[in-house]
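The values are calculated or read from the model by the stated rules, or taken from the named source; none is laboratory data. Model, not experiment: these values are computed from the prediction. Methodologically, a virtual Cβ is constructed for each residue, glycine included, from the backbone with ideal geometry; neighbour enumeration extends over all protein chains shown.
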Amino acid sequence: MRKLLFLAAFAFCILHFAFCNDARAVKVEIKSTPEKGYKLIVDGQPFLVKGVVYHPVPPGSDYNYDFWQDLDAIDKDAKLLKEAGFNVVRLYVPSPDLEKTKKVIRQFYKNGIYTVMGHWVGFWNYPCPFYGDEKFREEVKKEVLEMVEALKDEEGLLMWILGNENNYSFSGKVNPWPCPQADAIEDPSQKICKKAEIYYSLMNDISKGIKEIDQGHPVALGNGELITLDIAAKYAKDVDLLALIFYRGKRFGNIFNSVKSIFDKPVLIAEMGCDAYDAYRNKEDQDIQAEFLLFQWLDIYKNTFERIPEGNCLGGIIFEWNDEWWKYNPSDSCRWVYHDTLGGWSNGSYYFDIKVSRNLNMNEEWFGITAFSKDEEGTFLKKPRKAYYVLRDFFASPQKFLEDE
């Protein structure tokens, strides 16, 4: 009798443990408003994405750094994020070890932070992405669906993003890829259009594949600016929203209305920001970074359904959480221990330092809203910049800032 009671109690404990530790995916959906706006609903409640790109590479390392294993550091970051009012992190790609990825998603969720999970969909493949090749397309789709199958039941998962700025490859300026169907076309603009058709049709196919195994999380198309979005509207109709990347300085202009006429899907500003270095005056400038980020968030709020009935913006994600010292020259590991102040590209929308030599005013290593500083023992620690505190105040009382503008 005692043996039977013991076995029953043991079985109950096993079942209880399994039940309590079984991940319950939170339902995430997008609903339209009567005025043709959109809102994101998470677990039955309206949700505005207030996020940051999370890639915590410390000085001395590059993009290969395995941050996934340091859950204590992630926990500290998550607490800082929560304190400021952020509710989302964006991960560009999962760890090759999907079990590590699960642990990171769970660590953030313990602190009230959801995860937007991305995938490059082959964009950084070597030698290049062959989007016109059927075998390549099948392999990329298989890889994405394996990620979805492994992570779809995580409570802290918010949505999927396919690609980032992959559309910049159509012109051949970034990650050019050969394609017999397109390369045979002489007209450059028509060649771009053909590549766009090929790429977006793959994104649509992957999106449909995701929905067959995961109906609980929206699928976003990652796209640089509005470029070729008219073609995406024809060939990627099955995506749920647009994850758009913009670096337009303080304001986003008329993009929210433009999207309605080009490809009427809800908009998530999936990457935006301002570096904290004035290349012209050759000095850090936390004030200008904080000012630009604040105005960007004001634009986001003004285009949400909570502010206007026809609002189509679901929120925004700042690039990025912390500085990355490897960015200026990824191939020179000797430079990764130095915080480079040389600009890598030009953007006149960031007018405060556009007069620098050759107009290279965008400092890729200075976009963090936290910076690295050394303690007495020489250990690098993250220190929030002014932008962190300004956004903390804004998230706590957006109405006050909107009224003051």
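A few remarks follow.
- Test result for VAL337, over 30 Å from LEU48 (Cα atoms), of a type in the set (A, V, I, L, M) and surrounded by fewer than 15 Cβ atoms within 10 Å (Cβ to Cβ): yes
- Residue list for region 121-173, filter: farther than 25 Å from ILE227 by Cβ and of a type in the set (Gly, Ala, Ser): ALA150, GLY156
- Restricting ASN204, ASN175 to residues that are surrounded by 14 or more Cβ atoms within 10 Å (Cβ to Cβ), out of contact with any Leu (no Cβ under 6 Å at 6 or more places or on another chain) and modelled with pLDDT under 95 narrows the list to ASN175.
- Boolean, ILE255 is in contact with a Phe, Trp or Tyr (Cβ under 6 Å, 6 or more places away or on another chain), surrounded by 15 or more Cβ atoms within 10 Å (Cβ to Cβ) and of a type in the set (A, V, I, L, M, F, W, C): no
- Considering LYS283, LYS386, LYS355, the condition of being within 24 Å of the chain's Cα centre (by Cα) and more than 30 Å from GLU35 (Cα to Cα) is satisfied by LYS386 alone.
- Residues (without any contact (Cβ under 8 Å) to a residue 60 or more places away in the chain and either in contact with a helix residue (DSSP H, G or I) (Cβ under 9 Å, 6 or more places away or on another chain) or part of a strand (DSSP E or B) (or both)) located in region 201-218: SER201, ASN204, GLU212
Yes or no, residue by residue, for (1) part of a helix (DSSP H, G or I); (2) closer than 30 Å to ALA232 by Cα; (3) out of contact with any His (no Cβ under 9 Å at 6 or more places or on another chain):
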| site | (1), (2), (3) |
| --- | --- |
| ASN257 | yes, yes, yes |
| LYS265 | no, yes, yes |
| LEU268 | no, yes, yes |
| ALA290 | yes, no, yes |
| PHE295 | yes, yes, yes |
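This table checks each residue for (1) closer than 30 Å to VAL259 by Cβ; (2) out of contact with any helix residue (DSSP H, G or I) (no Cβ under 8 Å at 6 or more places or on another chain); (3) at pLDDT 95 or above.
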{"position": "PHE17", "(1), (2), (3)": "no, yes, no"}
{"position": "LYS31", "(1), (2), (3)": "yes, yes, yes"}
{"position": "PRO46", "(1), (2), (3)": "yes, yes, yes"}
{"position": "ASN64", "(1), (2), (3)": "no, yes, no"}
{"position": "PHE67", "(1), (2), (3)": "no, no, yes"}
{"position": "GLY85", "(1), (2), (3)": "yes, no, yes"}
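- Residues in region 219-236 that are small (Gly, Ala, Ser) and not in a helix (DSSP H, G or I) were compared, and the one that is surrounded by the fewest Cβ atoms within 10 Å (Cβ to Cβ) is GLY224.
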